[in-house]
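K.L.:
The structure under discussion is supplied below as structure tokens; questions concerning it will follow.
The values are calculated or read from the model by the stated rules, or taken from the named source; none is laboratory data. Just so it is clear, the model here is predicted, and its values are computed rather than measured. Backbone-built Cβ (ideal geometry, glycine too); neighbour counts: all protein chains shown.
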Amino acid sequence: MILRQLGLVLRGCAIGFCLVALQASAAPITPGNLVVLQLGDGSTTPGAKQSFLKEFTTAGALIQTIPLPTAVSGANLPFIAAANGGLSLSPDGKFIAIAGYTAVPGATGLNTANASGPGGVPRAVAIFNVTTGTIDTSTSLGDSYNGGPFVSAATTDGSKIWLSGNTAAGQEASGGVRFTNLGATTSTSISTPAVELHSLRINAGQLYSSFALSEVPLATVGVGTPVTTGQAFTQVPYDFGFTVGVDPDVYDYWFKDANTVFLASRANVQGGIFSYVFDGTQWKRGQSYTFKQPPDGNNPLERVITYYITGNVDGSGTNLYGVGDRQDLVRLTLGDSFATKLATPPDNTAFAGVAFIPVPEPSTLCLIVAGGMAMSFRIAKTASRKLRRGRT
């Protein structure tokens, strides 16, 4: 009897102090670190290559490398990340959505294939849970982006998913911004703008999309996070835009807060990072920055073109992290003249999208631990009473 009561006490302590560990898998991401998408496995064989998620500290130390699935395993399907390679972090910082294809390494023609039919390649979404390290690639769509590239995916909670991409001529009905659910095989068209779409992001409860060849290539999609057809695609109001044909090709962007956004231009003539601040009526252009890297043995010229961007705010100020045409992962603290190289991709691979994983509010962890400890104390108190009764 005494052993049984002690077992209950120990079980309660395990529940109280190990609750987080019991819910996690072997590869959770440490809050305050970066996740970077690596395209390719280093091989030079023709066709699609396996992709990986790599965790780095903000100082550039590699923590772990997580392979994306290349074979069927349970509900998971083989997954090849889209060449555009963006990462979209959910507003709560718990999930990363990655656009791609249900295909195996070596497959060809992914961007130009239809999503179904003979030779079809379904458009797929990988959802990575940063708190557990688990990856779900069960979402495989046969009705989206026929003949064109699948570009971006975004999620609010790991289950609801928004999509963007482009199609071949005559296949526009399968394009635009779309909505689906985790594990689905079909999607719903919610907006079909006549523009080349880039990245989706969700900020302050609103779905945004970047697009090509506009003075300020950022738009809202409907109101909030819509899931039905017929949503407006509305360019944000602004005071001063880019020069079309010179520096407007924005692919990625990072919202510092609800009213501040950094747009990363990958234009060939004058790339850079441009900040905009919302004043309640319009987005006003602020400072511009560059991920300028000094010349080195392999790159005799300074480079400023930026493809992917994220950021955080800490004691040193606002830090931007990104990947440019050199493929290095770099950090720029606003005010510095040059970006700091944090990591270089392995040979025959490329870094792409990057996401900063925020540190959760202390109250969240405290509630979890406090709840587990309270359970432990209740079980221990009950067992103690029973032990005392057994002695009398």
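K.L.:
Regarding Tyr208, is this residue surrounded by fewer than 22 Cβ atoms within 10 Å (Cβ to Cβ) and at pLDDT 95 or above?
P.N.:
yes
K.L.:
Continuing with this model, one more query. Condition check: surrounded by fewer than 17 Cβ atoms within 10 Å (Cβ to Cβ) and closer than 29 Å to Val250 by Cβ. Does Ser144 satisfy that? Show your work before the answer.
P.N.:
Values: surrounded by fewer than 17 Cβ atoms within 10 Å (Cβ to Cβ): no; closer than 29 Å to Val250 by Cβ: yes.
Criteria not met by Ser144.
K.L.:
So how many residues does segment 311-336 have that are of a type in the set (Val, Ile, Thr) and in contact (Cβ under 8 Å) with a residue 40 or more places away in the chain? Write out each step before concluding.
P.N.:
Taking segment 311-336 first, the residues of a type in the set (Val, Ile, Thr) are 313, 318, 323, 330, 333.
Now drop any that are not in contact (Cβ under 8 Å) with a residue 40 or more places away in the chain, which leaves 313, 318, 323.
Matching residues across segment 311-336 total 3.
K.L.:
Does Gly280 qualify as being at pLDDT below 75 and part of a loop (DSSP other than H, G, I, E, B)? Walk me through how you get there before you give the answer.
P.N.:
On the way: at pLDDT below 75: no; part of a loop (DSSP other than H, G, I, E, B): yes.
It is false that Gly280 is at pLDDT below 75 and part of a loop (DSSP other than H, G, I, E, B).
K.L.:
Would you say Thr188 is touching a helix residue (DSSP H, G or I) at 6+ places or on another chain (Cβ under 8 Å), β-branched (Val, Ile, Thr) and surrounded by fewer than 23 Cβ atoms within 10 Å (Cβ to Cβ)?
P.N.:
Values: touching a helix residue (DSSP H, G or I) at 6+ places or on another chain (Cβ under 8 Å): no; β-branched (Val, Ile, Thr): yes; surrounded by fewer than 23 Cβ atoms within 10 Å (Cβ to Cβ): yes.
Judged against the criteria, Thr188 is not a match.
K.L.:
Considering only residues of segment 330-351 that are of a type outside the set (A, V, I, L, M) and assigned to a strand (DSSP E or B), which is modelled with the highest pLDDT? Before the answer, list the steps.
P.N.:
Step one: list which residues in segment 330-351 are of a type outside the set (A, V, I, L, M), which gives 331, 333, 335-338, 340-341, 344-349, 351.
So of that shortlist, the ones also assigned to a strand (DSSP E or B) come out as 331, 333, 340-341, 351.
Values: Arg331: 91, Thr333: 88, Thr340: 88, Lys341: 89, Phe351: 94.
So the residue we want is Phe351.
K.L.:
While we're on this one: Condition test on Lys160, is it of a type in the set (Lys, Arg), out of contact with any helix residue (DSSP H, G or I) (no Cβ under 9 Å at 6 or more places or on another chain) and farther than 23 Å from Leu197 by Cα?
P.N.:
Values: of a type in the set (Lys, Arg): yes; out of contact with any helix residue (DSSP H, G or I) (no Cβ under 9 Å at 6 or more places or on another chain): yes; farther than 23 Å from Leu197 by Cα: no.
Spelling it out, it is not the case that Lys160 is of a type in the set (Lys, Arg), out of contact with any helix residue (DSSP H, G or I) (no Cβ under 9 Å at 6 or more places or on another chain) and farther than 23 Å from Leu197 by Cα.
K.L.:
Read through the list (1) modelled with pLDDT under 95; (2) assigned to a loop (DSSP other than H, G, I, E, B); (3) under 20 Å from the mean Cα position of the chain (by Cα), then give the number of the only condition that Thr225 fails.
P.N.:
(1)
K.L.:
Which members of segment 60-82 meet the condition of being in contact with a strand residue (DSSP E or B) (Cβ under 7 Å, 6 or more places away or on another chain), over 24 Å from Thr156 (Cβ atoms) and small (Gly, Ala, Ser)? Walk me through it before giving the result.
P.N.:
Within segment 60-82, the subset in contact with a strand residue (DSSP E or B) (Cβ under 7 Å, 6 or more places away or on another chain) is 60, 62-69, 75-77, 79-82.
Narrowing the set further to residues that are over 24 Å from Thr156 (Cβ atoms) leaves 60, 62-65, 67, 80.
Correct list: Gly60 only.
K.L.:
Which of the strands (runs of 3 or more DSSP E) found entirely inside segment 5-123 contain at least 1 residues meeting this: at pLDDT 95 or above and surrounded by fewer than 15 Cβ atoms within 10 Å (Cβ to Cβ)?
P.N.:
Details: elements: 34-39, 51-56, 62-67, 95-101.
In segment 5-123, 62-67 are the strands (runs of 3 or more DSSP E) which contain 1 or more residues that are at pLDDT 95 or above and surrounded by fewer than 15 Cβ atoms within 10 Å (Cβ to Cβ).
K.L.:
Same structure, new question: Under 9 Å between Cβ atoms, which residue pairs at least 6 apart in sequence (or on different chains) link something in segment 341-364 that is free of Cβ contacts under 8 Å to residues at least 60 places away in the same chain with a partner that is surrounded by 13 or more Cβ atoms within 10 Å (Cβ to Cβ) and in a strand (DSSP E or B)?
P.N.:
Thr344/Leu329; Thr344/Phe351
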